[in-house]
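Please treat every number below as a calculation from the coordinates, not as lab data. This one's a predicted model, so the numbers in the text were calculated from it and none came from an experiment. Using ideal geometry, Cβ is built from the backbone for each residue, glycine included, and neighbour counts are taken over all protein chains shown.
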Amino acid sequence: MSLSLYEAVIPPMQQIIGSVQSVLEKGAQHYEARGLNPDDLLSECIHSDMLPLTFQLQSVMHHSLGALEGVRRGETGPPSKIEKLDYAGFQAKLAETAQTIAAMKSDQVNEWEGKAVVFKMGEMSMPFVAEGFLLSFAKPNLYFHATTAYDILRMKAVPLGKRDYLGQMQLKR
């Protein structure tokens, strides 16, 4: 069995973005049911030397749609701007991210195979080809930040389980 670049990247991104959307929805419901403001979750972090939920959510978007846009351009790096959003704003932005990725065509993504992509951060420059960048850099980062967002909400007693993190799996039909 062989997978196209599209099949190896887009459905897993959709699955994880969808799971983050669901986890955020459960977080909002949990907080609102207790008379708490979900915006209070945005500054939470797992440990004092880790970045807060806002950064994790920005990173989920950056390492999915941002990574795809970087491959299209042939160059990418850390986010150039950090948006100041409230909890509902992050939910809306993730929905927009999911819609944009869902609209991507397989031919468009598959054409990127072998395309040069450079990740630049300050003086550092990391050369990749598209599939190497997406599979060895963007996807692991996407999973890391999605997991960290899940862990922050779980730490704040939002009733989540592994199934919530997994999202919509690609079941046999």
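For region 1-58, which positions are part of a loop (DSSP other than H, G, I, E, B) and hydroxyl-bearing (Ser, Thr, Tyr)? Please lay out each step first, then the result.
Step one: filter region 1-58 for residues part of a loop (DSSP other than H, G, I, E, B), giving 1-4, 34-37, 44-52.
Answer for region 1-58, where residues must be part of a loop (DSSP other than H, G, I, E, B) and hydroxyl-bearing (Ser, Thr, Tyr): Ser2, Ser4, Ser48.
Among the candidates Glu69, Glu96, the residue that is in a helix (DSSP H, G or I) and either farther than 24 Å from Ser43 by Cα or among the aromatic types (Phe, Trp, Tyr) (or both) is uniquely Glu69. If the condition is being farther than 16 Å from Val9 by Cα and buried (at least 18 other Cβ atoms within 10 Å of the Cβ), then region 118-136 contributes only Phe119. Considering region 159-173, the residues that are in contact with a helix residue (DSSP H, G or I) (Cβ under 9 Å, 6 or more places away or on another chain) and among the aliphatic types (A, V, I, L, M) include one that is farthest from Arg34 (Cα to Cα), namely Met169.
Picking from Glu25, Glu32, which residue would you name as being of a type outside the set (Lys, Arg), surrounded by fewer than 17 Cβ atoms within 10 Å (Cβ to Cβ) and closer than 13 Å to Tyr150 by Cβ? First the steps, then the outcome.
Values: Glu32 fails: closer than 13 Å to Tyr150 by Cβ.
Just one listed residue meets the conditions, Glu25.
Answer yes or no as to whether Val109 is surrounded by 15 or more Cβ atoms within 10 Å (Cβ to Cβ), touching a residue at least 40 places away in the same chain (Cβ under 8 Å) and part of a strand (DSSP E or B). When the stated conditions are applied, Val109 does not pass them.
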